[in-house]
Structures are given as structure tokens and as C-alpha cells.
Amino acid sequence: MKIQALSHDEVFSTLLSTLKGITADEATRRRAEYGPNEIHEVHGRPMILRLAAQFTHFLALLLWFAAALCFLSEYLHPGEGLLRLGIAILAVIFINAIFTFIQEYRTEKAIEELRKMLPFRVAVIRNGTELEVDAVEIVPGDLVLLKEGDKVPADARVVETSRLTVNNSLLTGESDSRLLTDAPCDTELLDSGNLVFAGTPVVSGSGKVVVYATGMATEFGKIAQITGKVVEEVSPLHIEITRVSRIVAIIAVSCGACFFLIGGLVGRGFWSNFLFAIGIIIATVPEGLLPTVTLSLAMGSKRMARRNALVKNLNAVEALGSIDLICTDKTGTLTQNLMTVTKNWAPDECAMARTVAQLCNNVTLTPEGGVKGDPTETALYNFAALQGAVTGERLGETPFDTDRKRMATLHRIDGKLFALVKGAGESVLPLCSSLCKAGSPAVPLDGSSRAELLDRQQTMASEGLRVIALAFKELNEAPTGDIPEDGLTFAGFMGLLDPPRPEVPEALKNCHSAGIKVIMITGDAGPTAAAIAREIGMITGDPVIIEGKDCTSMPDDQLREELKKENLIFARMSPQNKMHVVTLLIEEGHRVAVTGDGVNDAPALKKAHVGIAMGLTGTSVAREAADIVLLDDNFASIVHAIEEGRAVFENIRSFITYIFASNIAELIPYIGYILFDIPLPLAVMQILAIDLGTDMFPALALGAEKPSPDIMQRPPRPKNEHLLTRGVLIRGYLCLGMLEALAGMSAYFYVMYQGGWSWAQPLASTTMLYLQATTACLAGVIATQIANALACRSSNVSILTLGIFSNRLLLAGIAADVLLAVFIIYTPIGNSLFASAPIGADVWLLLIPFAILLLVIDETRKYFVRRTVVVSVSSPTLDGPKGPKGGG
């Protein structure tokens, strides 16, 4: 059934309604049959499961495993401090899970926001009586009264209209309002001029409509179903952190198993060997990685917020930095969502064009001096009014309709009677017989002049303008019937356009320089979209325009080939079309960001790797479906957010290198303990002090490192480039980690030998010498980790180039490290908690050269990395210049 193609009688008959509406009893029965007029969530995921997910991702599972090993070791060999470590690891898991859950709590509210877009009270006629009911009580067959300022409560067919005008931009993406008719029409649903849709606003006029769909059966409901069923893409960072966790787990278990076998070979007992293997695994697992990643992302989201990008999903911080393609809406995103007259042409500067535009118009003047009404008429009125106010008495009107494509008014101006006409050029020009001349009588419109006018109209239309033709006729007496529209004098053309945002062209240039492709996907017409795209620099050649109907009928293989073309524009796209295109782009290996502001954008926003909604002009539905909300609706803010996202990836890699180095410094003492029969150089609680104490502050500061100056001049990182590379492992484990272990073990043996200890001499864990020796080992790790924090600010840029004081948060983190070390080493409470004892200044003097040595060795490595880059760039191969791989 095409409700839009039925006559009035057929509409009432089909929907079992009448001109008096339905009865109250029938409304109750239909509500029981069709359900309430509300949007409900489709296959919603319970909150308890969302919270549970924070405890069951791979890195959390790795920490659960480490905690379990701690408790097992404590049970088998109590008194080693592993109970405290296990409890601390559990606390990390719980705090991180709750923190992340709270941060992302609002990301799944798109369906709830759809409910809020429905009006609260609605005027209906039931059994011949007008009354107000809650919108949730509307049922199919209800006769609803609409007036200016209302929101449509359900999808309905117009049966009576008095210039009823609605704005469907929330659904279609088109910026213009539509004057509705009650006549049948045989068009597509969203293109029909006699239908209204749930949630759309009434711009002007009034009318009566008969409801044919409510709740989830409305167009809004269909979008809700699409949005609710969308399977969100796993973020690149989530994939990378899972990969890092798996690699760490493999390394930890492999080390534990390897040294368990070695312990057996050197004659250690099974249980002693088993506990040693557990210690190796615990020492290798970076307990501080999970909270550091989470807090780093939270800090990144705060930096983005300062640049007007509000992050709702923490993983989206880094995901935005990895995208290589942006699918953007046009209306309200690239443009200002404000129709404006951008071109005015009148023959011989005829002033009557301004008069027609201002008076043949149905805008309403507000008490505040503003103008309210249809966007096209508002634009014409404002443009004409700027040229000077024109007054006249309106005596009659022939309203605009979609068949005539024009409107006419009868006015008395300065004592003279005029018929004023405006409308589409193809409707108005055939009625014109003369051409306006300023200050002189009109001249006849001959064939050549008419052809020139048609050429001018087509030229303006090819620029993407909506062309309005203006004409008039002076009358000797008032007409007795319709306003005469023949023998008109042509007054001019006005071209209207929703102008682009001024900052967009520069933002697009930045996207192109960063290797990011931008594709427009809009509900608007192709020529209009192409004109905007050309003006803002999105396309440079002939556009490749694919409309929604073509997208629907085109085989996926053919559409995939079209997606590879340049200057691509998608026009007249439905929500299903948009999501289909985004899905294909993702399947083709792209990392996709989608921007939008309308309800019709919600499914694609949710499907994309990163959904970006407009905060000021965007609908609440779009904002809730998105991962990031632009607070200033500025497309340029996307570029700033991408810059921050790219920096986050680099910074996470930096602090992973930093954290992994201390794991080696914790591992080597265990190896020495088992293989060389020496007292354990580093107590379990001291490992905890490193992983969840001294490591944390500088690691967080590394997460706040500013983006590299050239970060937006590089292409997006390849999809196969991982967070944890061979270079990161070699640098963290074999270079920086070994230097830290060397410092710690040197300080340990220095104190032991200074205290008179001899090799293989047993030493109780409570003696002062042993406590001072383990504390010296801890101090060695802390001292070299401070130098390591400075080294890890960049994988290839010298600390001298970066500047010692350019990351003040890192200096604060180092200061916090020093204070924590003082607390652990020189206070009774710290000594009791961490099994430590005060050490002398001679130990610190011994350790300072190790910290300097670490910096010197890493600076030398960076120098050779930079030289390698210079050589590869200056000696390009046939494949082009090679850049450095990340993580070196």
C-alpha cells in the first residue's frame, strides 16, 4: 500500500478512520494491538554485561592470572609478601574497570534520545472532539492537528493543509523545508509532498494528518532498528593492546617455563622451582600497563576537549589518529545549514526583483525583529530587506504547490496594483512576455532574450544554486477570480545556496596532507553537493556522483570499484545506503571516520571505527550514537583531534617501552637468585612499588607528550604497523632494561660486599644488610628509570632537540618519583611496607653514572636512526623514499 498515492476517502477507509477521528474505545483497542508510540531499544546489551566486559578483556585476564599466581604462591610459601601483591593487582583491575565503565557509560544512549525527540502532548480529534493526549498514546488512524512549532508525533498522511510546512532535514539531510499538499502523489516515501514523519518540526502553517505508522514502524523507528542492530567495529587500539597482552603473556609463560627447566637442571626441588617460575612470570607481567593506558587515553580525551572535541569512548582517542578516510555529511557539517542568496541577477538592475522577493513571501516577523519561516523564503526576504525595506498591502495570494512550482500575491504598492510571482524558472519564464528595464517601460521578450535567460538559469543551476525566478505584472483593476499570472514582466533570478563553513577548505587541505581521503555522503541533490565540494576543494576534477537509488541497485563488486575512484560524491543517500557504503569501506581495509548531525546519520556513526557528531547543530541522536562530539561544529576540529590521536599512539608506544624496561630490571634479580644462589636482590613488595608506583607517574607524563611537528605531514600509519614491534622489544628489553638491571644489581652487590657478605653466604631477609642491599637494587631501578623516562620521550628525536623542560608533566612525574623513593627508603612506614632500609649517599653517587650512561647510549642509538632516515630519504628507490618504521 502506497499511502501517499491514495485519495482522502481511500486514506480514511484504509486506516479505518473518519473526518471525526476514531473513538476513545477504538484508540484503546488499537494501542493494545499496535503498542505504545515510542522507540524501544533493539537487542540492548544489559549494563551488567557492559561492566563485566571491563573485567574480561585480554589484558585484564592477564592480570587476573598474575593475581592468581600470587595467591597460589602465598599459599604454598607464605610470608613472601605475594598476598599484598595479589591484592594490589586485583585493586588495579577493579579501579580500572570502574573508571573505564564510567567514562563510556553514555555511549549507548542513541535509542533513548530518539524517545526524547517525540513531543509530549499532541492535539487530536477523537469522535469529533478536539483534545490533547500524550504522544505515547497516538495510534494508527488518529486524526492529528499540527501547527507551527509542533513536532510531528508519528508518520502520517496530510488530509488538510493551510500552508503546512515541515523540515525533514533530520531524516533526509536536505536543508530546505517542504510545503505540503493534501493531494495524492506517486513518489518515493521520503520524497512525497503529502506525508509527515515522526520527530520532524512544523516550520509554519497548520493542517490535519491521519496517522499510519507509530513507534518502531515509523521512519525514526526503522533507523532505531538499524542503529540497534549495528555491530560496532573493534577499535585499532583494542586490537593492539590485546596483541601486546598476548605477546607479554607468551614471553612471561615462556620465561617461567624455561627457568623452571633450568632450575631443575641445577638441582633445585620441584616446589622451590615452581615458586621461582611463578616469581618470574609475575616479574615479567607489567601490572601498571592497564591503568597507564586507560589514564593516558583519559588525558588525551581532556586535551581533545580543550580543542573542542568531546570524547565519549576512550578507545576512540587513538582510533581517530589511525583513520585514513572520512565520510562526511554535507548539511550542517561542511555547510552552515543556512540558506543564503549568493547570486542575484536582474536585467538592467531592475529594482522590482527586490520588491517581489520581499513581498511575495510568507515569512513571519518576530517581536525581537527577526524573521521566521521557510529557509528559502527567509533567505530571499533577508537579502531583499538588506537593499532597503519595501512596503505594500497584500490583497490576495495563490499559494505555492508542487505542481505549479510557483506562488503569486496581489499587492497595492504606492497606490498601484501589482501581481507578484516567484518560483522555479521553468514555471515562471514561460509566463513572461516582457523584460524589466530600470527607469523605462518593459521591453518585449523575444526568442533570443528568452534563450539568454534560460542559459543564465542553467549556468546558475550548474553552480549548485537553487534558482528562483521573480516576475510581476501591473494591473489596472483588482481581479475578480484568481490572481492573473499571464503576460508577466521578468524581474530577475536569485540563486540560493547553503554556504560552506569558512574553516572547511583549510581543514580539507590538512586532511589531504595527512594522507586522509574525504568522501561526501549526503541526502541532498548531486549537483548541489558537487558545487559545494568544488568550492571547498574536496574535488578538483569532474565529480563521480552516485545516488542512493544507484547504490541500492549496484552490485557490491561494482560499488567497491567505484569506491576506489577520486572525486567521489554520494547523493540522495538513505540511512541504509550510508551504512552499506561505510561497511564496504571497512571491508576494503580502510579505517573509517563518519561525521554527521542528523538522525539519518546515526547508523553509520555507530558502524564506523570513529563516529563524529556535531555538538551545536547535531541532533541528540547523532551525538549519542557517536564516539566523539565536536563542541564547536567546526570541521577543522577533526584535524586537531586526529593530530592528538596520532600523538596518543606514539605516546603509548613510548611508555610501553619505558614500562617494559623495568620488567627486565625486575626479572634479572630473580634469575640471579635461582641460578647463582644469592639472596633475592629485589623483594616482592619492591616490585609492586616499581610497577604501580614509581613507573606510573613518568609513564602518564609520557602519555602527555606533545605531537611531533611533522605528525600531520605523514600518511596514516599502515594497518599492519603494530604498537609492539621488534624494535620496541629490543630497545625496551635488551637495551634500556639491561642497563637498568645492571645498575640495580651493581648497587645490590656494592652494598652486600661493603657489609662483609661473601658469595653463597646465607642471609636472613630481616637483617639490616639484606634490607639495605635490596633497597639499593630498588634505588638503581628508580634512578635509571628516571633517565629512561627522558630517553623514551621519542624513539628518534634527541632529548636536546625536544628540550628538557618542554614536558613539564614529566618533570612533575620525576619529582613524584623522587618523593616516593624518599618515602620508601627513608621513612619508617615506607620501610615497613616495602621491606626497605635507608641507604647512604655513596650508593646514589654510584648510581648516577649508570643513569647518565643510559642516556648517552640511547642518544647514540637515536643518532644512527636519524642518519638511517636521512640516507633512505636522499636515496629513493623505484618504490619511492622509505621512512622509518615505528618503534625503533
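The values are calculated or read from the model by the stated rules, or taken from the named source; none is laboratory data. These numbers were taken from a predicted model, which means no experiment stands behind them. Cβ placement follows ideal geometry from the backbone for every residue including glycine, while neighbour counts extend to all protein chains displayed. Side chains included, ligands, DNA and RNA excluded: accessible areas come from the protein's heavy atoms. Shrake-Rupley method; radii C 1.70, N 1.55, O 1.52, S 1.80 Å.
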Checking VAL293 against (1) within 30 Å of VAL594 (Cβ to Cβ); (2) modelled with pLDDT under 70; (3) crowded, with 21+ Cβ neighbours inside 10 Å; (4) not hydroxyl-bearing (Ser, Thr, Tyr), which single condition isn't satisfied?
(2)
Quick one: which of LYS509, LYS517 is among the charged types (D, E, K, R) and touching a His at 6+ places or on another chain (Cβ under 9 Å)?
LYS517
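Table: residues versus (1) closer than 18 Å to LYS473 by Cβ; (2) under 51 Å from the mean Cα position of the chain (by Cα); (3) free of Cβ contacts under 8 Å to residues at least 60 places away in the same chain; (4) surrounded by fewer than 18 Cβ atoms within 10 Å (Cβ to Cβ).
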position: TYR381; (1), (2), (3), (4): no, yes, yes, no
position: GLU393; (1), (2), (3), (4): yes, no, yes, yes
position: THR398; (1), (2), (3), (4): yes, yes, no, yes
position: HIS411; (1), (2), (3), (4): yes, no, yes, no
position: LEU420; (1), (2), (3), (4): yes, yes, no, no
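Can you name every one of the strands (runs of 3 or more DSSP E) wholly within segment 426-496 that holds 2 or more residues which are at pLDDT below 90 and open to solvent by 40 Å² or more (accessible area, probe 1.4 Å)?
Numbers: elements: 432-437, 440-444, 466-475.
Filter on segment 426-496 gives 440-444.
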Quick one: would you say LEU630 is without any contact (Cβ under 8 Å) to a residue 24 or more places away in the chain and closer than 20 Å to LYS517 by Cβ?
no
Some residue of segment 544-564 being more than 27 Å from the chain's Cα centre (by Cα), at pLDDT 90 or above and part of a loop (DSSP other than H, G, I, E, B)
yes
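Conditions (1) in a helix (DSSP H, G or I); (2) over 23 Å from ILE545 (Cα atoms); (3) open to solvent by 10 Å² or more (accessible area, probe 1.4 Å), marked per residue:
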site: LYS578; (1), (2), (3): yes, no, no
site: LEU585; (1), (2), (3): yes, no, no
site: GLY589; (1), (2), (3): no, no, yes
site: ALA593; (1), (2), (3): no, no, no
site: ASN600; (1), (2), (3): yes, no, no
site: LEU605; (1), (2), (3): yes, no, no
site: LEU616; (1), (2), (3): no, yes, yes
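Looking only at segment 301-322, count how many residues are part of a loop (DSSP other than H, G, I, E, B), aliphatic (A, V, I, L, M) and touching a His at 6+ places or on another chain (Cβ under 6 Å).
So the first thing to find is which residues in segment 301-322 are part of a loop (DSSP other than H, G, I, E, B), and the list is 307-308, 312-314.
Narrowing further to those that are aliphatic (A, V, I, L, M): 314.
Then drop every residue that is not touching a His at 6+ places or on another chain (Cβ under 6 Å), which leaves none.
Here the count works out to 0.
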Restrict the check to segment 718-730 and report whether at least one residue is within 17 Å of ALA789 (Cα to Cα) and surrounded by 20 or more Cβ atoms within 10 Å (Cβ to Cβ).
yes
Scan ALA529, ALA533 and give me the residue that is more than 28 Å from THR409 (Cβ to Cβ), at pLDDT 90 or above and either surrounded by fewer than 20 Cβ atoms within 10 Å (Cβ to Cβ) or of a type in the set (Gly, Ala, Ser) (or both).
ALA533
Would you check if GLY370 is of a type in the set (Gly, Ala, Ser) and over 40 Å from the mean Cα position of the chain (by Cα)?
no
Pair list, Cβ under 9 Å, 6 or more apart: segment 504-523 residue closer than 11 Å to ILE326 by Cα and part of a helix (DSSP H, G or I), other residue open to solvent by 10 Å² or more (accessible area, probe 1.4 Å) and of a type in the set (Lys, Arg):
CYS511/LYS517
Selection from segment 324-376 of residues that are open to solvent by 40 Å² or more (accessible area, probe 1.4 Å), on the phi > 0 side of the Ramachandran plot and in a loop (DSSP other than H, G, I, E, B):
ASN337, GLY369
Could you check, for segment 174-182, whether at least one of its residues is modelled with pLDDT of 90 or more, open to solvent by less than 30 Å² (accessible area, probe 1.4 Å) and more than 28 Å from the chain's Cα centre (by Cα)?
no
Among the residues of segment 253-283, count how many are without any contact (Cβ under 8 Å) to a residue 12 or more places away in the chain and either more than 43 Å from the chain's Cα centre (by Cα) or surrounded by fewer than 13 Cβ atoms within 10 Å (Cβ to Cβ) (or both).
8
Those residues of segment 772-793 that are touching an Asp or Glu at 6+ places or on another chain (Cβ under 8 Å) and open to solvent by 10 Å² or more (accessible area, probe 1.4 Å) come to a total of 2
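Can you say whether VAL166 is crowded, with 22+ Cβ neighbours inside 10 Å and either over 22 Å from PHE12 (Cα atoms) or touching a His at 6+ places or on another chain (Cβ under 9 Å) (or both), as far as the supplied structure shows? Let's see the steps before the verdict.
Details: crowded, with 22+ Cβ neighbours inside 10 Å: yes; either over 22 Å from PHE12 (Cα atoms) or touching a His at 6+ places or on another chain (Cβ under 9 Å) (or both): yes.
Considered against the rule, which asks whether it is crowded, with 22+ Cβ neighbours inside 10 Å and either over 22 Å from PHE12 (Cα atoms) or touching a His at 6+ places or on another chain (Cβ under 9 Å) (or both), VAL166 comes out as yes.
May I ask you to verify whether SER746 is modelled with pLDDT of 95 or more, over 39 Å from the mean Cα position of the chain (by Cα) and not hydrophobic (A, V, I, L, M, F, W, C)? Explain how you work it out, then say what you get.
Details: modelled with pLDDT of 95 or more: yes; over 39 Å from the mean Cα position of the chain (by Cα): yes; not hydrophobic (A, V, I, L, M, F, W, C): yes.
So SER746 fits the description; yes.
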Condition met for LEU742 (open to solvent by 10 Å² or more (accessible area, probe 1.4 Å), more than 19 Å from LEU682 (Cα to Cα) and part of a helix (DSSP H, G or I)):
no
Looking only at segment 304-313, count every residue that is under 11 Å from the mean Cα position of the chain (by Cα) and either open to solvent by less than 10 Å² (accessible area, probe 1.4 Å) or not β-branched (Val, Ile, Thr) (or both) and tell me the total.
4
